[in-house]
Amino acid sequence: MSMTPQGMTRRHFMSHMAGASAMVAPAMMMGSAIQANADELKKRGRSCIMLWMGGGPSTMDLWDLKPGANTGGPFRPISTAGDVQISEHLPGVAKVMDNLSIVRSMSTREADHGRGRYYMHTGYVPNPNIEHPSYGAVIAHEMATERSELEIPPFVSVGGGSVGPGFLGMSWAPFTVNSNGQVRNLAMKGWGEQTMNSRLGMLSMIERGFVDQNRGPAAADHAKILDKTVKLMTSDQMKAFKVSEEPEEMKELYGTDNFGRGCMLARRLVEAGVPFVEVDLGGWDNHQNIHATLKDNKLPVLDKAMSALVTDLKQRGLLETTTIVWMGEFSRTPRINGNAGRDHWARSWSTVVGGGGINGGIAVGATSSDGTRVETEPYSAEDVMATVVRAMGISLDTTFTSKNGRPMKIANGGKVIKELVA
């Protein structure tokens with residue numbers, strides 16, 4: 001099974017736009033009708049933005065500092081707007097921490113990049129016999145009935161391909177764009193708008209000819225895919241991707257780097273009704289010179305864009321309905337190696353969640369004074385995913401049926417982190 005980034009090729013884009021039902025259908029297990037209605041009401045208009053830190057960020061240097069410990073490193077904790085302390089090199093995020101919370105007792109077993117990435121995105125460890133759907137696919141699938149007016153893709157990955165839709169099918173694959181909102185594998189170089197429309201019209205006419213000749217259901221299905229694709233390409237909602245149209249002061253707020261533009265684009269997309277957006281900030285595999293790299297490079301970029309995103313969403317009244325998830329595939333060793341770096345570490349680390357449906361300003365769980373072990377109840381990828389989907393109003397009783405006929409519970413049956421759910 002491939003665990004490489006699963007963005008959308010042109011062929012997959014056409015399939016994605018079909019909007020056809022996946023081969024699976026969610027089946028709600030028995031429960032209270034009143035609770036089911038409440039879940040439906042709660043999830044209306046909700047979205048999720050995942051900030052993906054590819055490479056495995058050292059959360060001990062960001063969210064769970066250990067000043068004075070021989071493993072602690074040079075960074076110092078500072079107070080925040082919440083009841084937590086974080087790195088001195090995240091001063092902007094510190095000002096909005098009343099809207100975010102830290103899960104400090106993450107403990108997982110996947111310390112390989114590919115396996116950890118897959119696990120944190122799906123709640124399942126890799127299995128050669130089945131490909132599981134990622135956060136974006138699951139949330140887009142569950143929110144689809146509430147977004148009948150949405151003409152643009154419900155799952156957008158910015159700056160890097162996300163983990164794919166697994167057995168839910170390519171209709172729920174990530175629609176991959178760069179931080180300028182340009183669609184990958186779709187641009188038709190040298191085609192003006194008039195030329196493109198002319199060729200699409202000709203193709204549409206050919207498709208109708210095949211259908212009229214009674215060539216079977218495949219021709220009719222393909223024609224429907226084409227119609228949906230043309231509708232997307234001519235939709236006014238595509239303006240959400242035109243991040244360059246933002247005012248200069250907004251660009252300055254987020255930062256002009258790729259991650260800053262990506263976060264600004266994520267806000268535009270949830271504002272347009274997209275239920276799931278993932279923004280990638282790679283480069284955290286810091287086996288050497290970690291503290292200089294974090295201080296001079298990674299943390300200023302993260303701090304500016306993440307704090308701007310929270311501030312902007314809140315000012316627009318969108319934070320109440322937008323859940324934010326910050327995480328990587330694992331963290332890095334408490335021990336600092338001989339190259340002044342930290343290596344892969346999954347036993348004791350942190351993720352950050354906040355926004356809609358999440359209690360802000362707190363830290364859940366704790367690690368030891370040197371950061372080498374979790375000292376409270378440990379939490380897993382399944383638990384974080386269960387907490388996020390529950391905060392969005394999606395029932396944890398939802399199950400899917402995989403292609404081999406196995407029932408698969410949403411978030412792999414993870415438990416909700418009760419301190420976080422509003």
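What follows draws every value from the coordinates through simple rules; no lab data is involved. All figures in this text were calculated on a predicted structure; none of them were measured in a lab. Here the Cβ positions follow ideal geometry from the backbone for every residue, glycine too, while neighbour counts run over all protein chains shown.
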Segment residue 422-residue 70, extension gain: residue separation times 0.36 nm, minus the distance between their alpha carbons: 123.0 nm
With θ set to phi - 60°, apply the Karplus curve 6.51 cos²θ - 1.76 cosθ + 1.60 along the stretch 372-386 and write out the HN-Hα couplings as whole Hz, x wherever there is a Gly or Pro. 8, 8, 7, 10, 10, 4, x, 10, 10, 4, 4, 5, 5, 5, 4
Mean Cβ-within-10 Å packing, highest first, puts peptides 98-111, 168-181, 233-246 in the order 168-181, 98-111, 233-246
Can you list the HN-Hα couplings for the stretch 47-60, worked out from phi with the Karplus curve (6.51, -1.76, 1.60; θ = phi - 60°), rounded to whole Hz and with x for Gly and Pro? 9, 9, 10, 9, 9, 9, 9, x, x, x, x, 7, 5, 5
By the gyration tensor of its Cα atoms, with a ≥ b ≥ c the square roots of the eigenvalues, what is the shape of the stretch 268-422: rounded for a/c under 1.5, prolate for a/b over b/c, or oblate? oblate
Separation of the residue 83 and residue 377 label points, Cα + 7 Å toward Cβ, nm: 1.7
Within the stretch 327-422, which trypsin sites (Lys or Arg not before Pro) sit in a loop by DSSP and count at most 11 neighbouring Cβ atoms inside 10 Å? 418
Going down the table (242/409; 251/295; 314/418; 95/415), which pairs top 26 Å between alpha carbons? 242/409; 95/415
For the stretch 41-92, state which trypsin sites (Lys or Arg not before Pro) are in a DSSP loop and have at most 13 other beta carbons lying within 10 Å of their beta carbon. 44
Please list, by residue number, every one of the trypsin sites (Lys or Arg not before Pro) in the stretch 243-298 that is coil in DSSP and has at most 11 other beta-carbon atoms within 10 Å. none
Per-residue Cβ neighbour rank within 10 angstrom, fewest leading, 287, 141, 344: 287, 344, 141
Rounded FRET efficiency, nearest 0.05, which uses the C-beta distance separating residue 415 from residue 109 and R0 of 22 Å: 0.80
Below 8 Å between Cα atoms, with a sequence gap of 6+, how large is the relative contact order for the stretch 261-401 in percent? 20
Extension gain, residue 233 back to residue 289 (0.36 nm per residue minus Cα-Cα distance, nm): 15.6 nm
Listed with the fewest Cβ neighbours within 10 Å leading, 303, 61 appear as 303, 61
